[in-house]
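S.K.: Got a structure here, written out as structure tokens. Questions coming.
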Amino acid sequence: MVNAAFVAPFLLEATSHFVLAAARVPGVQLAVITTTPREQLSPELREALAGHWQVSDGLDPQEIVDAVRDLQHQLGPIERLIGILEQLQVPLAQAREALGIPGLSVGSSRNVRDKSRMKEVLTAAGLPCARHQLVHQTQQATAFRDLVGFPIVAKPPDGAGAKATFRLDTAHDFDSWLAMAQRDPSEVWLLEEFLTGREHTFDSVTLNGQTLWSSIADYAPPPLEVLRNPWMQWTVLLPHEIGGAEYAEIHRVGPAALQALGVDTAFSHMEWFARPDGSVAISEVGARPPGAQLAGMIGLSHDVDFFTLWARLVLLGQFDRPDRVYAAGTAYLRGMGRGRVRAVHGIEEVQAALGDLVVAARLPSRGQAASPSYEGEGFITVRHWDTHVVQEALDRIVSTVRIELVESE
């Protein structure tokens, strides 16, 4: 029996899927460390868990260490300490190191968390990524601007999910960003050249330092464009075939990047660009499973339960390579305006046209508050063995469905 603890600072719906899958792995006793009181857990989760420990800060490595030590009085020695959040990877590694639990090292976790350090490691290994500069002063920022020209991307070095990320296209954009950045003299920013081309993911399984399997997805349009245009509906497509020339270079570069960063055993999420000249450039890497419905889509395209696949890997070091048998994709539904959903148009038309192609959905409802996330007010996921059928379905959804938002009724 393997005793394990899952650190979940907040047990939101997406995280709960991972926790429940981990708790149901045969041969595993799982406890959860969270800020969520036990009585607020779903009955299903309470029944599946072997333990629960409430903390005040689920990102504090010392609180995690103390919680594990207390849980060991209930369960016995904790042999695995896991979690899925991007911002949790360094605290988890620090806690594992203090407790003598195996897992991603502190150095490797910082390689994938600190985006400036990540690019330094990749550049030193001869792997392609955007030119970049960690800036503390105005002079450094202007020097980088003069070196690479516009557009420039500005982001926090430890950002996640493209939050607080800006595209600077003009001198006015740069001056406005600089004025904001100067409000806190202690703030550090990462500036990057803007990569052009099609943006993709490389989601992969690494076991004992060897990349055993990978999945590729295509963004349309790129996430940064989606962030700049909050009304824009967007899609993610997992093509049926990913072994052709279009993806050949990332199959070489992706595993090499994970090895250079020190990723040992993990389900990793990488974002990369296919440049117009056929080369690739790595944007970011996270040693954790993907978000934005990608986990579910990977499961759908391979006809497996993704969450169980992930849990067996990180808890038992076991991985059964699944075959890709379908194309799958998700259209993200985003409203125009602000406030709450006033009306949703086109759903009936899409349902009549797509029928059984739709395999998952969360549809917006009247009165629903606008989402603060780039994922929007809802989504529709489709699946078919033919990639072109899935692509056409996604195009139909984003061109047909329209959501109206209003400040107040």
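Where a number appears in this text, it was derived from the coordinates with a stated rule and is not lab data. Keep in mind that what you see is a predicted model, and the values were worked out from it rather than measured. Note: ideal-geometry Cβ built from the backbone for every residue, glycine included; neighbour counts use all protein chains shown.
S.K.: For a quick check of your reading of the filter: which GluC sites (Glu not before Pro) in segment 234-288 sit in a DSSP loop and have no more than 14 other Cβ atoms within 10 Å?
M.R.: Those satisfying the criteria are E241.
S.K.: Just check segment 325-376 against the gyration tensor rule for me: Cα atoms, a ≥ b ≥ c as the square roots of the eigenvalues, rounded for a/c under 1.5, and otherwise prolate or oblate depending on whether a/b exceeds b/c.
M.R.: oblate
S.K.: Only loop residues by DSSP count here, and only those with at most 13 other Cβ atoms within 10 Å; note down the trypsin sites (Lys or Arg not before Pro) in segment 325-362 that meet that.
M.R.: R338
S.K.: Give the average over all directions of the projected area of the C-alpha convex hull of segment 251-296, one decimal, in nm².
M.R.: Projected area, direction-averaged: 3.8 nm².
S.K.: Which of the chymotrypsin sites (Phe, Trp or Tyr not before Pro) across segment 341-398 are loop residues per DSSP, with 12 or fewer other Cβ within 10 Å?
M.R.: Passing both the DSSP loop test and the Cβ count: W385.
S.K.: May I ask for the net charge around S108, where only other residues with Cβ less than 13 Å from the Cβ of S108 are counted and Lys, Arg are +1 while Asp, Glu are -1?
M.R.: Once all neighbours under 13 Å are counted, the net charge is +2.
S.K.: Moving to a separate point now. Is the shape of segment 131-193 rounded, prolate or oblate, going by the alpha carbon gyration tensor and its root eigenvalues a ≥ b ≥ c, with a/c under 1.5 for rounded and a/b larger than b/c for prolate?
M.R.: It is rounded, given that a/c, with a ≥ b ≥ c, falls under 1.5.
S.K.: How big is the chain along each principal axis, measuring the range of its Cα positions in Å and listing the largest first?
M.R.: Result, largest extent first: 58, 57, 49 Å.
S.K.: If the chain between A179 and T123 were fully stretched, how many nm would it gain, using 0.36 nm times the residue separation less the Cα-Cα distance?
M.R.: 17.1 nm
S.K.: For segment 2-103, what's the radius of gyration and Dmax over Cα atoms, in angstrom?
M.R.: Over segment 2-103's Cα set, Rg and Dmax evaluate to 12.0, 33 Å.
S.K.: Classify segment 73-120 as rounded, prolate or oblate from the Cα gyration tensor: take a ≥ b ≥ c as the square roots of its eigenvalues, call it rounded if a/c is under 1.5, otherwise prolate when a/b beats b/c and oblate if not.
M.R.: Verdict is prolate for segment 73-120.
S.K.: Could you work out the per residue convex hull volume over the alpha carbons of segment 202-286, in cubic angstrom?
M.R.: 100
S.K.: Give me the mean projected area, in nm² to one decimal, of the convex hull enclosing the Cα positions of segment 148-238.
M.R.: Mean projected area for segment 148-238: 8.2 nm², to one decimal.
S.K.: Tell me, what does the Kirkwood hydrodynamic radius of segment 82-183 come to in angstroms if you use every pair of distinct C-alpha atoms?
M.R.: 15.5
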